[in-house]
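Working notes, beginning with the structure itself.
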Amino acid sequence: MRIPKLVETAKEPGVDLNCGIVVGIKTMGCACLASRFETCWPALVKDAHGVVVVFNPGLPSHVKEIEMWHSYFVHQQQLLESQCLLIAHRKPGSGGDPENLNLPSPLNRLQLIHSSLEEDPEDIRMEFIKYLKNVTNLVNENRDREEMQIIKDK
């Protein structure tokens, strides 16, 4: 996910952060990021400000895959843990206790949202907006720091 700019008016496309701010975001779908597509990964992470991973917690292979994705898309790109969001999405009727998901380290330190089609999507939407606000704040703080450094260097 890249946050190229804060959108000044609601007429421009973007995500309303419910605080008078609309953020323009660019997302890149990465379904089936098998290692055979690894040569494409650098293009996906270039200038990324955040990573959102949606996975099926009922499939043990998904947990192994998100460990690999975390290593490349978060750790190697030096993103903060707060710039990564995991969404454990369960299919209706899949059973299992959504709160009993044991993720290995370092995944267990990341923000995790549980979702399913049986739940009210408003809670998930609000958590996602909270995540976007956090990433937007980080991006703005980094830009402000860089601008101040340029001013000091002159």
Val54: out of contact with any Gly (no Cβ under 6 Å at 6 or more places or on another chain) and touching a residue at least 24 places away in the same chain (Cβ under 8 Å), yes or no?
-> yes
Residues being exposed (fewer than 12 other Cβ atoms within 10 Å of the Cβ) and farther than 19 Å from Leu79 by Cα - total across the stretch 109-124 | 5
The stretch 93-116: number of residues that are small (Gly, Ala, Ser) and at pLDDT 70 or above = 4
Does Leu132 qualify as being farther than 18 Å from Pro57 by Cα, touching a Ser or Thr at 6+ places or on another chain (Cβ under 9 Å), surrounded by 11 or more Cβ atoms within 10 Å (Cβ to Cβ) and of a type in the set (A, V, I, L, M, F, W, C)?
-> no
Among the listed residues Glu65, Glu81, Glu8, Glu38, which satisfies the condition of being at pLDDT below 75 and either surrounded by fewer than 17 Cβ atoms within 10 Å (Cβ to Cβ) or closer than 17 Å to Leu112 by Cβ (or both)?
-> Glu8
Working only within the stretch 104-120, note down all residues that are within 17 Å of the chain's Cα centre (by Cα) and farther than 12 Å from His89 by Cα.
-> Pro106, Leu107, Asn108, Arg109, Leu110, Gln111
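The values are calculated or read from the model by the stated rules, or taken from the named source; none is laboratory data. Everything quoted here is computed from the prediction, not taken from an experiment. Here the Cβ is made from the backbone with ideal geometry for all residues, glycine too, and neighbour counts use every protein chain on show.
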